[in-house]
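K.L.:
Okay, here's the structure, questions in a sec.
The values are calculated or read from the model by the stated rules, or taken from the named source; none is laboratory data. Keep in mind it's a predicted model, so treat the numbers as computed, not measured. Cβ atoms come from the backbone with ideal geometry, glycine included; neighbour counts cover every protein chain shown.
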Amino acid sequence: MKKIQKGSIKKIEKIALDTFVLEISSNIQEAHSGQFISILCPPKTLRRPFSIKGFKDGVIEVFFKLKGEGTNYIKSLKVGDSVDFMGPLGQGFKIENKKSLLVGAGIGIAPMLFLKDELNAANINNFLITGFKAQSEVIYGSDKTVIGGSVIDFLPEIIEKFKPEVIYSCGPEIVLKLVGKTAQEYNLDAQIAMEKVFACQVGVCRGCVIKILKDGKVQNATICHDGPVFDAKAVVWE
């Protein structure tokens, strides 16, 4: 099991409707896009998972959206307060030296912005499109932002103009399913970061099991441990 970490709040700030950025100073040495951290939110027993939006010099950055007692607890924290967390957890994106199309929806923009930074640092050409339900929910940093519609509707046009060699995506299940479908239609590889409410966070409780194709057989995989990033072609959608 991953070691429990102690950090302190460096920054907490509202960035969109019910959406906040949180920076935690820690002793973590390494983190990659697609991975997540899991924060203890007393009095709740189960930790709350958050995709990593950025990492530099031990500072972990995440976005969180107010949804319940856990996220309201985090919102109540102040700069300098202590944070109990686990991470980085999970398997991140496998970065390839290929022209990259990034697709994010809602809070799923977080790992996409991190990935975009990593691709830029590696001088890999990329284009990020994100979608939000309303202007009030927009988080900035994308090359194209869709408001009130679906990012999927814009993918064929972008693929034909930008001509990516690989697609990366994070967002609700329906978005990821359609990204995978679109990627197959254009004969493109796609990596998707799946979202799920986790319990144990480390693959023990089996509460986030999905079906994947591996070695020609349908097998079980846990999103929190075997993922959250999967080859889109391997996921068996139910």
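K.L.:
Quick test of your reading of the structure: Gly141 fulfils all but one of (1) on the phi > 0 side of the Ramachandran plot; (2) touching a Phe, Trp or Tyr at 6+ places or on another chain (Cβ under 7 Å). Name the failing condition by number.
P.N.:
(2)
K.L.:
Give just the number: which of (1) at pLDDT 95 or above; (2) within 30 Å of Thr45 (Cα to Cα) does Lys161 not satisfy?
P.N.:
(2)
K.L.:
Give me the residue from region 83-104 that is of a type in the set (D, E, K, R), in a loop (DSSP other than H, G, I, E, B) and out of contact with any strand residue (DSSP E or B) (no Cβ under 6 Å at 6 or more places or on another chain) and, out of that set, nearest to Lys6 (Cα to Cα).
P.N.:
The qualifying residue nearest to Lys6 (Cα to Cα) is Lys94.
K.L.:
Which pairs turn up if I take residues in region 141-164 that are free of Cβ contacts under 8 Å to residues at least 12 places away in the same chain and outside the structural domain of Gln184 (by TED's automatic domain parsing) and look for partners that are in a strand (DSSP E or B) and of a type in the set (S, T, N, Q) with beta carbon separation below 7 Å, at least 6 apart in sequence or on another chain?
P.N.:
none
K.L.:
Please enumerate the residues belonging to region 161-206 that are assigned to a loop (DSSP other than H, G, I, E, B), buried (at least 16 other Cβ atoms within 10 Å of the Cβ) and of a type in the set (D, E, K, R).
P.N.:
Glu195, Lys196
K.L.:
Among the candidates Ile107, Ile124, Ile158, which residue alone is part of a helix (DSSP H, G or I) and over 14 Å from the mean Cα position of the chain (by Cα)? First the steps, then the outcome.
P.N.:
Values: Ile107 fails: over 14 Å from the mean Cα position of the chain (by Cα); Ile124 fails: part of a helix (DSSP H, G or I).
That would be Ile158, the only listed residue that is part of a helix (DSSP H, G or I) and over 14 Å from the mean Cα position of the chain (by Cα).
K.L.:
Within region 54-66, is even one residue within 23 Å of Ile223 (Cβ to Cβ) and part of a loop (DSSP other than H, G, I, E, B)? If you could, list the steps in order and put the result at the bottom.
P.N.:
Step one: of region 54-66, the residues within 23 Å of Ile223 (Cβ to Cβ) are 54-55, 60-66.
So of that shortlist, the ones also part of a loop (DSSP other than H, G, I, E, B) come out as 66.
For region 54-66, residues within 23 Å of Ile223 (Cβ to Cβ) and part of a loop (DSSP other than H, G, I, E, B): present.
K.L.:
From the residues in region 207-229 that are among the hydrophobic types (A, V, I, L, M, F, W, C) and out of contact with any helix residue (DSSP H, G or I) (no Cβ under 9 Å at 6 or more places or on another chain), which one is surrounded by the most Cβ atoms within 10 Å (Cβ to Cβ)?
P.N.:
Going through region 207-229, the residues among the hydrophobic types (A, V, I, L, M, F, W, C) turn out to be 208-210, 212-213, 218, 221, 223-224, 229.
When the remaining residues are screened for being out of contact with any helix residue (DSSP H, G or I) (no Cβ under 9 Å at 6 or more places or on another chain), the result is 208-210, 218, 223-224.
On the way: Cys208: 23, Val209: 15, Ile210: 20, Val218: 9, Ile223: 23, Cys224: 26.
Across region 207-229, the extreme among qualifying residues is Cys224.
K.L.:
Of the numbered conditions (1) surrounded by 20 or more Cβ atoms within 10 Å (Cβ to Cβ); (2) within 27 Å of Ala232 (Cβ to Cβ), Ala121 satisfies every one except a single condition; which is it?
P.N.:
(1)
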